[in-house]
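Bear in mind these aren't lab numbers, they're just calculated from the coordinates by the rules spelled out. Predicted, not measured: the structure shown is a model, and the values here were computed from it. Note: ideal-geometry Cβ built from the backbone for every residue, glycine included; neighbour counts use all protein chains shown.
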């Protein structure tokens, strides 16, 4: 029972962060779809107009507009990724909470973009940082999750071993000689 309970917390982190990320993604996309026509731009901070704006676009590919018109393939991959992350979330140890955060962000992003694909066909993108592909909250969540995992791998590679939980053993009884 203790082993099962020690695995619940990271799973809750994964699921909780995924729900927050996907919810925020869907909320912001809804705001953009209800406020801007496709292809139209809004500049929320005039001083940053040459660097950032909100431009409503439609994306049939993956994050940042890569692989346009790959909708069905991307949809199938998203289902596989979602199932894999949920399955893996049950194997994460408590000490690996950063992995849970990374996976929660990736899961939320996958769910957010998959929701658009299933409901609308293309995905709504709108954050426009000039000289960079237009993206959304789901794309940012996925990218942040991947970056966290990459940093964890770099840390692990530099330290030579993965961080291990500290195990405490019960003292052995004194044995007569």
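Mind ordering 73-80, 16-23, 100-107, 130-137 by average Cβ neighbours within 10 Å, highest first?
Numbers: 73-80: 13.9, 16-23: 18.8, 100-107: 24.5, 130-137: 16.9.
Peptide ranking by packing, descending: 100-107, 16-23, 130-137, 73-80.
In what order do 58, 35, 159 fall by count of nearby beta-carbon atoms within 10 Å, going from fewest to most?
Ranking 58, 35, 159 by Cβ neighbours within 10 Å, fewest first, gives 159, 35, 58.
Over 25 Å apart: what share of the alpha carbon pairs of segment 2-159 falls there, rounded to a whole percent? Before the final figure, lay out the partial values.
Values: 4429 of 12403 pairs.
So the portion of pairs separated by more than 25 Å is 36 percent.
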